[in-house]
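Here is the structure we will look at.
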Amino acid sequence: MITPDYCRLLARYNAWQNRQIEKALQAVSLDDLKADHGAFFGSILGTLNHLVWADQMWMSRFDREFEKPEVGVKGSTELFPTLGAWSAERFRMDGALSRWAAELHAIDLTGSFSFYSGSVGCEVSRPIAPCVIHMFNHQTHHRGQLHAMMTKTGLEAPVTDLFLMPDEE
């Protein structure tokens with residue numbers, strides 16, 4: 001279904017997207033970052049925070065040495081109060097995702113695994129490959145919302161096409 005190379009590519013894509021978003025938001029005021037745009041997680045900063053939270057949650061499931069977030073999904077939008085605080089954790093998280101992907105073997109993407117889902121309130125067992133795909137798809141989904149919020153406020157949103165990602169950065 002998926003390969004370690006697929007995971008490495010999408011980890012690199014995710015980091016590239018996050019660097020572009022951070023650069024585009026550097027001059028935006030905190031009030032504008034926190035303004036409610038009617039998106040699922042409300043604001044630009046709330047959505048950015050939720051993405052870090054979700055990556056932390058999935059990584060804590062895929063890599064048992066990775067620490068699970070201390071808050072649930074409802075608290076995910078408030079993790080980091082400023083773009084600078086978000087940026088520092090995002091940089092750390094992108095590095096963790098890249099290291100995890102770099103160490104994957106094909107066998108790691110086979111079989112099932114179990115985890116507790118706070119969203120459904122119970123233990124869940126699923127094949128691991130679709131869960132890994134979901135983690136990367138979830139990032140792309142919410143970055144689409146960020147793109148819409150950024151363009152709505154007159155900001156230039158970053159290029160998102162995977163085929164336009166530079167070969168090396």
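Remarks
- Placing unit charges on the Cβ atoms only, positive for Lys and Arg and negative for Asp and Glu, gives the chain a dipole magnitude near 260 debye about its Cα centre.
- Cα centre as origin, Lys/Arg/Asp/Glu Cβ charges: the range 1-57 dipole, Debye: 240 debye
- Residue (of TYR6, PHE80, THR47) at the positive-pole extreme of the range 1-109, dipole from beta-carbon charges: TYR6
- Sequence-distant contacts, meaning Cα pairs under 8 Å at least 6 residues apart, place the relative contact order of the range 30-135 at 20 percent.
- Computed from the Cα positions only, the extents of the chain along the three principal axes stand at 45, 40, 23 Å, in decreasing order.
- Protein heavy-atom accessible surface, 1.4 Å probe, per residue over the chain: 54 Å².
- Straight-line reach from LYS23: taking Cα to Cα under 12 Å and skipping same-chain neighbours fewer than 8 places apart, the aspartates and glutamates in range are GLU156.
- When a 1.4 Å probe is rolled over the protein heavy atoms, the share of accessible surface on the chain that falls to carbon and sulfur comes to 55 percent.
The values are calculated or read from the model by the stated rules, or taken from the named source; none is laboratory data. Keep in mind that what you see is a predicted model, and the values were worked out from it rather than measured. Here the Cβ is made from the backbone with ideal geometry for all residues, glycine too, and neighbour counts use every protein chain on show. Surface accessibility is based on the protein's heavy atoms, side chains included, excluding ligands, DNA and RNA. Shrake-Rupley method; radii C 1.70, N 1.55, O 1.52, S 1.80 Å.
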